[in-house]
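Nothing in this text is a laboratory measurement; each read-out follows from the coordinates by a stated rule. Everything numeric in this text was worked out from a predicted model, so none of it was measured. FYI the Cβ positions are ideal-geometry reconstructions off the backbone, even for glycines, and counts take in every protein chain you see.
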Ligand code: G
Ligand code: MN
């Protein structure tokens, strides 16, 4: 994934100019400290306004702009983390979402390394999130990219865990540091059966040595259910929505 690759279409060259990263806090469920933020892409479209990834990301992933956009995301997130580190938030971590298409691009690990090195942030404070839906444990090339990222020091998180078709075997095969439980578990957690599955699944993942994030916490009741289990971290509108760098920066300060 050469950041400088030639791009045929004029739109490709311009696409990053209208992109922006928003950041959503990830909170320690015991201390309520913000330990990390997840970078989430937005497109400030000149006519359609600010677009969420579901409106445009799939198209980018299939286009010749994919590598350029991924490099832009990695660099922008790493530079922002460096800025927050130098403002005194030296423990803050950054999560970045990477698609399976990116993992299959042999130059992804080098792009991630370059982004961290040129920003001056340790890879250990950057977590690469890969969706469970990408079925990466069945793909040798994706697994080798993950191994390379890990050996460079990056953390790996499995995103949307439990919502795809992964079997329990996945927990044995995935070389990840963190499991992020899909928000559908907590959304249904008013039902005792959902709450039991969330609780036991979090215990299983933490017993295996993973750090666990419960996603989609929207209210105090859901927070209580997440805290009752052995999850380490929570994320969701209850703690904060994704916000611009300036807005979240003011909050972090
Ligand atoms: O797949 P991933 O976990 O990266 O998706 C993050 C998405 O989930 C973002 O678009 C974010 O806005 C959304 N999100 C974050 N917190 C919540 C929440 O509490 N409820 C809902 N419904 N969506 C959320
Ligand atoms: Mn994510």
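Structure summary
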| item | result |
| --- | --- |
| Three-way shape call for segment 121-253 based on the alpha-carbon gyration tensor, with the a/c threshold at 1.5 | oblate |
| Contour excess over end-to-end distance, with Cα ends at residue 63 and residue 172 and 0.36 nm allotted per residue | 35.9 nm |
| Peptides ranked, highest mean first, by Cβ atoms within 10 Å: ranges 116-124, 192-200 | 116-124, 192-200 |
| Extension reserve of the residue 117-residue 241 stretch, reckoned as 0.36 nm per residue once the Cα distance is removed | 41.7 nm |
| Degrees between helix 192-207 axis and first principal axis of the chain (Cα, 0 to 90, nearest 10) | 70 degrees |
| Crossing angle, helix 66-86 versus the chain [Cα axis fit, 0-90 degrees, rounded to tens] | 70 degrees |
| For peptides 82-90, 37-45, sequence by mean Cβ density within 10 Å, most packed first | 37-45, 82-90 |
| For segment 187-253 and segment 116-156, distance of Cα centres in Å | 22 Å |
| Per-residue Cβ neighbour rank within 10 angstrom, fewest leading, 23, 47, 233, 238 | 47, 238, 233, 23 |
| Near-label residues of segment 134-156 by backbone N, under 15 Å of a point 7 Å along Cα→Cβ of residue 208 | 135-138, 156 |
| Tilt relative to the chain, helix 140-151 - C-alpha long axis, 0 to 90 degrees, to 10 | 90 degrees |
| Added length on full extension, which subtracts the Cα-Cα distance from 0.36 nm per residue, residue 14 to residue 31 | 1.9 nm |
| Rounded FRET efficiency, nearest 0.05, which uses the C-beta distance separating residue 47 from residue 165 and R0 of 35 Å | 0.40 |
| Ranked 21, 204, criterion: other C-beta atoms within 10 Å, fewest first | 204, 21 |
| Inter-label distance, nm, simple model (7 Å from Cα along the C-beta direction), residue 192/residue 221 | 1.5 nm |
